[in-house]
1. Can you say whether Asp90 is in contact (Cβ under 8 Å) with a residue 12 or more places away in the chain and not in a helix (DSSP H, G or I), as far as the supplied structure shows?
2. For Gly32, state whether it is more than 13 Å from Ile89 (Cα to Cα) and out of contact with any Phe, Trp or Tyr (no Cβ under 7 Å at 6 or more places or on another chain).
3. Restricting to region 46-78, and then to whatever is touching a residue at least 24 places away in the same chain (Cβ under 8 Å) and farther than 22 Å from Lys35 by Cβ, can you tell me which residue is surrounded by the most Cβ atoms within 10 Å (Cβ to Cβ)?
4. Residues in region 26-43: is at least one in contact with a helix residue (DSSP H, G or I) (Cβ under 9 Å, 6 or more places away or on another chain), buried (at least 19 other Cβ atoms within 10 Å of the Cβ) and not hydrophobic (A, V, I, L, M, F, W, C)?
5. Select from region 66-95 the residues that are touching a strand residue (DSSP E or B) at 6+ places or on another chain (Cβ under 6 Å) and either under 20 Å from Ala28 (Cα atoms) or β-branched (Val, Ile, Thr) (or both) and list them in ascending order.
Amino acid sequence: MANPERGELDIEVAGTTYTLKFSMNAAATLQGRHKRSLGQMLREGDDLDVVAIRGILWCLLQKHHAAAFKTEEQVGDLIDAAGGFKAIIDTIGAVFALNADPNGTAPATATGTGMTSTSALVESV
């Protein structure tokens, strides 16, 4: 179960719950594999670069699910099962928003204008 105070967020895909967590070591591994900074990959994700999106989600799965997702290709299958990259983009943004919030209170459904958006969530009336 995710602990928002530790920057974790749960997602459910095909009846299985996965806990996403930003890990510095996984991010460093991702950067080394792709020879690009995490910031570059987040911007590429905003531009719908599917390789970047898949890699970032791989990074977020490593803390709790490394054994199940050893390769980024396996994460691609998870993205397909979740409904495609559009279904995952907002989730990735929510994890980073949660990790940027010092109070650990960013809502699990937070969406801005993209993965690196700093736009505030506006509640619908």
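1. Working: in contact (Cβ under 8 Å) with a residue 12 or more places away in the chain: yes; not in a helix (DSSP H, G or I): no.
So Asp90 does not fit the description; no.
2. yes
3. Result: Leu78.
4. Scanning region 26-43 turns up no residue that is in contact with a helix residue (DSSP H, G or I) (Cβ under 9 Å, 6 or more places away or on another chain), buried (at least 19 other Cβ atoms within 10 Å of the Cβ) and not hydrophobic (A, V, I, L, M, F, W, C).
5. Hits for region 66-95 are Thr91, Val95.
Values in this text are rule-based calculations from the coordinates and carry no lab data. Keep in mind that this is a model prediction, so the values were computed, not measured. Virtual Cβ from ideal backbone geometry, glycine too; neighbours counted across all protein chains shown.
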